[in-house]
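Q: Here it is, the structure in full.
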Number of protein chains: 4
Amino acid sequence: MSEAFGNIKTFGIIGGDKRQLFLAQSLLEDGCGVILAGFGKLREHGFRALSGVEAAVLYSDAVILPLPSVRADRSINSPFSEKSIVLSEEQQALLCKKPVFAAMSDRLFRAYPMLKNASVYDYASRDDFAVLNAVPTAEGALELAMQEYEGTLWGSRSLVTGFGRIGKALARRLSSLGSSVTVCARKASDLAFIETLGYTAGDFSSLGDARGYDLIFNTVPAMVFDEALLRKTDKTALLFDLASLPGGVDFESAAALGIDARRALSLPGKCAPKAAGEIIKKTVFSIIKEGKR
Amino acid sequence: MSEAFGNIKTFGIIGGDKRQLFLAQSLLEDGCGVILAGFGKLREHGFRALSGVEAAVLYSDAVILPLPSVRADRSINSPFSEKSIVLSEEQQALLCKKPVFAAMSDRLFRAYPMLKNASVYDYASRDDFAVLNAVPTAEGALELAMQEYEGTLWGSRSLVTGFGRIGKALARRLSSLGSSVTVCARKASDLAFIETLGYTAGDFSSLGDARGYDLIFNTVPAMVFDEALLRKTDKTALLFDLASLPGGVDFESAAALGIDARRALSLPGKCAPKAAGEIIKKTVFSIIKEGKR
Amino acid sequence: MSEAFGNIKTFGIIGGDKRQLFLAQSLLEDGCGVILAGFGKLREHGFRALSGVEAAVLYSDAVILPLPSVRADRSINSPFSEKSIVLSEEQQALLCKKPVFAAMSDRLFRAYPMLKNASVYDYASRDDFAVLNAVPTAEGALELAMQEYEGTLWGSRSLVTGFGRIGKALARRLSSLGSSVTVCARKASDLAFIETLGYTAGDFSSLGDARGYDLIFNTVPAMVFDEALLRKTDKTALLFDLASLPGGVDFESAAALGIDARRALSLPGKCAPKAAGEIIKKTVFSIIKEGKR
Amino acid sequence: MSEAFGNIKTFGIIGGDKRQLFLAQSLLEDGCGVILAGFGKLREHGFRALSGVEAAVLYSDAVILPLPSVRADRSINSPFSEKSIVLSEEQQALLCKKPVFAAMSDRLFRAYPMLKNASVYDYASRDDFAVLNAVPTAEGALELAMQEYEGTLWGSRSLVTGFGRIGKALARRLSSLGSSVTVCARKASDLAFIETLGYTAGDFSSLGDARGYDLIFNTVPAMVFDEALLRKTDKTALLFDLASLPGGVDFESAAALGIDARRALSLPGKCAPKAAGEIIKKTVFSIIKEGKR
């Protein structure tokens, strides 16, 4: 496929959840060969073309590892595998000879230090991957909100805290569905941008209360909704914390105050595994294309 | 509230589901009095201000009946009531002396012919009611689609058959979320309007197949997806029939062909009872306002 | 091109403005033959393929007449012609033997009664033509507003009176550019629809004043902005009357009151003749396609 | 108004174009005092409250200088002044005692080195100022495009090169009006973002040609449309260069090739001076508010 990568015809996919299955399907539709390993539980459901890790490492031109990459016990994250997958030294040696696309490469290296000698490309750490994943994340948040909220998004009042990728994708969707959206940010230029996009800009530094909202989505990975702010939040509000752990909501205080607060994590994989798998493919292809230049 | 209606201060609400509860709440927030009857099952959950039908008929200035209005056995549709509610002759006589806001008035009159002498206003037969309900219907359809579809609406290809109120509300939302939308209609002017709104216009008269769509929503209350068309529909498509009974999909053929087809009825009440209740209030208020002129 | 129309390969285009030139160009791009008559003034500018009316009537399979069709003196509306074009009896007889696509056919028949025997198709009276033309009309109105208004549409407050095709197309564009839009209509269902689209609904029956708007667009072809209402309109407002004559604004009173009011007519031809010409082609093709069935 | 700024009640506005007049008006509407200097030509038009520079410097709590700030001859940029305004040493000394809000402060300091001792706040160098000005810039570009293009934006194919503030604001507007928008950028994450917003992403590194567009807007302040690329651009395209000087279009080559290319600079001041003035006010207020914390 490129000089830097040689000619990649067949991908080995080892471990992962539904996302990697859709990744495999999407690669096949693009005319690539795929060797799937670590999906033994699916055999009885008639899934075709399953192989062992051995084959995936040996007969592929490049290998794609899952997201998250490895568990605490060094095994590759493979919920659909009947048994634990730990890469042998031979397998690691083989991986060192071909491109390896992986997520969370630091954890991978801790589990398999030998792979530091491999050409490992961390697809999940790239900006474009994060930008694309903001879409299924935002859609997942909408889906949750629609399920839980007894009104319509149309005519609702929503608050989004944080205006990074997810905040942007979510505010846009809420607004286009007719919610009156307030977005809270810190930087003056973000506040200006929020206004030009038609939302109400809320300044974190003066965020005295969070009253008057039906739906609240936190995207800031730092404590935003602490007890003090939760005390100034409507009890009828639905509060979703989309921020990666430890998140930005004091759930204990929320429970004590009677506010319905929920953690909403890993939405792409849960709500739209097909899209999430295609995003992995797209990112892997971008890495290969960039290597080509 | 108006001359034609006298001064309506207190509404009696007899029977109905969650929508009528939110209607009651919304009336209370507007400063109206509300007498609720037919919600006995809720008593234990601490719901306040429940009365018998007697009080609702006697002490109110106007009465609101539910949607649907009556069951086959003449009883008022009241899923939250512990016992069946059948209006007595005395109650009917009292109703003849005040405005009665009801849905499906023809069924009501068949069950209680005496009410033909009452001032019955059918809120559910009005155009504005239907227009407003297209919003929770479309949101409910989105919610279902998001739950079932493993991709994102963004990047999906969707087909909406029919361009009435629901088709319009749904196409708009799908498109704003990034789906590539085709709308099928019959009239040349509708097809032109569909194009100017940025969707692809599909002509029913030349609808040879329904291939190439991830999501299909039928809104036409006539057989559109018969066996012949289903044979020309992708098996991977999700098909939702939003049309009122008997609907527009041959579900048996769909099942035989392995197409995932689902009926999606009464979405406002199921997915957004709060919005649905507020729409009833809004429509009742419009009727009263019009009577005032 | 169809049975009803025989096989139309070459169109004769007689008279018209820039729109008919773009119509001709678009037909040529679609592989049709075109015989242009009535554009003699353009000869010196090197425009190719100009013929006389004779040729256009004789050697074409169908003829397209312009919009407007005829002048008060019976001549075909042809601003680019060096001399007046009046159809002879022989030419009329020839026209009776082939499809004639015309606008304002009643005026045409009054000027040339013999053409009542021809197969005249009035493209300008069709709903789809009107729907499509609402787009260049709305864009033309935006263009005017942007030229005259010293603020940005973003952040402006605009009022659209009337919610027909043009009102719909215009409100949508104003809103998408960030104007806060109020739409005035009469019917309860229109008012409901206006709200569900995210605009503020204004009720004509209670339109006490038109204060608080930077930009006002009237689309109702009846006196809306009479002296009384103009007295209750901000003097800083820009008022555009898009309604066909006699329009809906008392311009004398507006001038006396110091309100900047302008008639904005025939916007498609003035602001977007290319789009307007393509819409004529599209409509003619729809007529032919319908005849085919 | 704040501790850092003392209590600012009256602003001196010295020089500038229509934007500063609207700035003055907007300040007055907010209840501030305003002393205008450098607008002598307007006196005959009845503009009120005009003073000399002396008064504006002496009796104000803060001074706002125009955009651009100074001319090559050191005089304050003041197109509405009858005579050239050069600040005296006394005036400069007075300015050193109060907040001065200015644009292009480096040029100001070169002209008046003494002002380096003043508290000069450069409003035009701030990110929020640039973000807000992207709106009138994008609207101005739309206005120009609508004036020149004979089709409608709806149905047009447009190319935007660059995805900074202006590229973002412009692409959004073109798309919402129904243009099929391609945006060219360099970074993988920008390209991903462009796609998630529903535009077509074009990669600069592989931008072989610019064919197939009706409208092209360059926002990159570097030579993008050189002769080579212009040779691969449709001659029917309209090309607008929005990038600050020296711009990104080889205008000589464009002329030689018969491509209609135009420089479009300073759009906020030209097309929407009212909005531009309000943005200056908003930015000045943000500076003051931040100083308060």
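Q: Scan around D:Ser179 for amide H atoms under 5 Å from its own, H built in the peptide plane at 1.01 Å from N, and keep only partners 5 or more places away or cross-chain.
A: D:Gly155
Q: ³J(HN,Hα) across segment C:185-201 via Karplus (A = 6.51, B = -1.76, C = 1.60, θ = phi - 60°), whole Hz, x for Gly/Pro?
A: Working through the residues one at a time gives 8, 10, 6, 4, 6, 5, 4, 5, 5, 4, 5, 5, 8, x, 8, 8, 8 Hz.
Q: Turning to a different aspect of this structure: How well do other chains shield peptide B:183-191, expressed as the mean number of their Cβ atoms within 10 Å of each residue Cβ?
A: Values: counts 0, 0, 0, 0, 2, 10, 9, 3, 3.
The shielding value for this peptide is 3.
Q: Taking each label point as 7 Å beyond Cα in the direction of the beta carbon, state the distances from A:Ser88 to the same residue in the other copies, shortest first, in nm.
A: 8.7, 9.5, 9.9
Q: Using each residue's phi in segment C:121-131, evaluate 6.51 cos²θ - 1.76 cosθ + 1.60 at θ = phi - 60° and report the 3J(HN,Hα) Karplus result to the nearest Hz, with x for Gly and Pro.
A: So the J values, rounded to whole Hz, are 10, 8, 5, 7, 8, 7, 4, 5, 4, 5, 4.
Q: Of the cross-linked pairs C:Lys270/D:Lys41; A:Lys168/D:Lys187; B:Lys18/C:Lys187; B:Lys98/B:Lys168; A:Lys235/B:Lys274, which ones have a Cα-Cα span greater than 26 Å in the structure shown?
A: On the way: C:Lys270/D:Lys41 36 Å; A:Lys168/D:Lys187 18 Å; B:Lys18/C:Lys187 29 Å; B:Lys98/B:Lys168 37 Å; A:Lys235/B:Lys274 16 Å.
Cα-Cα > 26 Å for C:Lys270/D:Lys41; B:Lys18/C:Lys187; B:Lys98/B:Lys168; rest within.
Q: Could you please point out the chain A residue with its Cβ nearest to the axis of the rotation taking chain A onto chain B, and the distance in whole angstrom?
A: In chain A, the Cβ lying nearest the symmetry axis toward B is A:Ser176, 2.
Q: Fewest Cβ neighbours within 10 Å first, please rank A:Cys96, B:Cys32 accordingly. Display every interim value, and only then the final one.
A: Values: A:Cys96 15, B:Cys32 18.
Result, fewest neighbours first: A:Cys96, B:Cys32.
Q: Right, another one. Is there a simple number for the mean count of other chain Cβ atoms within 10 Å of the Cβ of residues in A:140-152, and what is it?
A: The mean count of partner-chain Cβ atoms within 10 Å per residue comes to 6.
Q: At D:Glu227, with labels set 7 Å past Cα in the Cβ direction, how many nm apart are the copies from this one, shortest first?
A: Inter-copy label distances (nm, one decimal, shortest first): 6.8, 7.1, 7.5.
Q: Using 7 Å Cα-to-Cβ label points, what is the D:Asp209/A:Lys41 separation (nm, one decimal)?
A: 5.3
Q: Calculate the length of the line joining the C-alpha centroid of segment D:72-121 to that of segment C:141-219, in whole Å.
A: If you average the Cα positions of each part, the centres end up 44 Å apart.
Q: Percentage of Cα-Cα pair distances in the protein assembly as shown greater than 41 Å, rounded to whole percent? Intermediate values should be presented prior to the final figure.
A: Details: 384211 of 686206 pairs.
That tail contains 56 percent of the Cα-Cα pairs.
Q: Now a separate question. Divide, for segment A:96-178, the radius of gyration over alpha carbons by 2.2 N^0.38 Å, where N is the residue count. Intermediate results must be reported in sequence, preceding the final value.
A: Values: Rg = 18.7 Å, N = 83, 2.2 N^0.38 = 11.8 Å.
Rounded to two decimals, the normalised Rg is 1.58.
Q: Turning to a different aspect of this structure: Around C:Ile85, which amide H atoms from residues at least 5 apart in sequence, or from another chain, sit under 5 Å from its own amide H, with H modelled in the peptide plane?
A: Result for C:Ile85 returns C:Ile76.
Q: Continuing with this model, one more query. What is the sum of charges around D:Phe109, taking Lys and Arg as +1, Asp and Glu as -1, for the other residues whose C-beta is under 12 Å from the C-beta of D:Phe109? Intermediate values should be presented prior to the final figure.
A: Values: positive: D:Arg74, D:Arg107, D:Arg110, D:Lys116; negative: D:Asp106, D:Asp122.
Once positives and negatives cancel, what remains is +2.
Q: Nm distances between the label at A:Gly6 and the same-position labels in the remaining copies, 7 Å along Cα→Cβ, shortest first?
A: Spacings between copies for this position, smallest first, are 7.0, 7.5, 9.1 nm.
Q: Once Rh for segment A:10-125 is found with the Kirkwood sum over Cα pairs, what is the Stokes-Einstein diffusion coefficient at 10 °C and 1.306 mPa s, in µm²/s? Could the numbers behind the result be given before it?
A: Working: Rh = 13.8 Å.
So the translational diffusion coefficient is about 115 µm²/s.
Q: So, one more: Using the basic label-point model (7 angstrom from Cα toward the beta carbon), what is the A:Glu290 to A:Asp73 distance in nanometres?
A: 3.5
Q: So, one more: Note down the net charge around C:Ser253, summing +1 for each Lys or Arg and -1 for each Asp or Glu among other residues with Cβ under 9 Å from its Cβ.
A: Details: positive: C:Arg231; negative: C:Asp226, C:Glu227, C:Asp250, C:Glu252.
Its environment carries a net charge of -3.
Q: What distance in nm separates the simple spin-label points at B:Arg231 and B:Lys9, each placed 7 Å from Cα in the Cβ direction?
A: With each label placed 7 Å out from Cα toward Cβ, I get 6.9 nm.
Q: If the convex hull of the alpha-carbon atoms of segment C:146-233 is projected onto planes in all directions, what is the mean projected area in square nanometres?
A: 5.6
Q: Another question, if that's okay. When the scattering of chain D is computed by the Debye formula from its Cα atoms alone, each counted once and equally, what is log10 I(q)/I(0) at q = 0.08, 0.12, 0.14 Å⁻¹?
A: -0.42, -0.83, -0.99
Q: If you don't mind, there's one more thing I want to ask. Could you list which residues have their amide H under 5 Å from that of B:Val70, counting only those 5 or more apart in sequence or on another chain, with H placed in the peptide plane?
A: Placed amide hydrogens put B:Asn77 under 5 Å from B:Val70.
Q: A follow-up question, please. In vacuum, with every alpha carbon of segment B:62-143 counted as one equal point scatterer, what does the Debye formula give for log10 I(q)/I(0) at q = 0.12, 0.14, 0.18 Å⁻¹? Two decimals, please.
A: The Debye formula, applied to the Cα set alone, gives -0.40, -0.53, -0.79.
Q: Rounded to whole Hz and in sequence order, give me ³J(HN,Hα) for segment C:12-21 from the Karplus expression 6.51 cos²θ - 1.76 cosθ + 1.60, θ = phi - 60°, writing x for Gly and Pro.
A: Each residue of segment C:12-21 in turn: x, 10, 10, x, x, 9, 3, 4, 5, 5 Hz.
Q: Under a Cβ-Cβ cut-off of 13 Å, what is the net charge of the residues other than A:Gly208 that fall near it, where Lys and Arg count +1 and Asp and Glu count -1? Numbers along the way, then the final one.
A: Numbers: positive: A:Arg211, A:Arg231, A:Lys232; negative: A:Asp203, A:Asp209.
Residues close to A:Gly208 contribute a combined charge of +1.
Q: Right, another one. If r is the Cβ-Cβ distance from C:Cys96 to C:Lys270 and R0 is 30 Å, what FRET efficiency results, to the nearest 0.05?
A: On the way: r = 34 Å, r/R0 = 1.13.
Using R0 = 30 Å, I get an efficiency of 0.35.
Each value in this text was obtained by applying a stated rule to the coordinates, not by laboratory testing. Quantities reported herein were computed from a predicted structural model and do not represent experimental measurements. Note: ideal-geometry Cβ built from the backbone for every residue, glycine included; neighbour counts use all protein chains shown.
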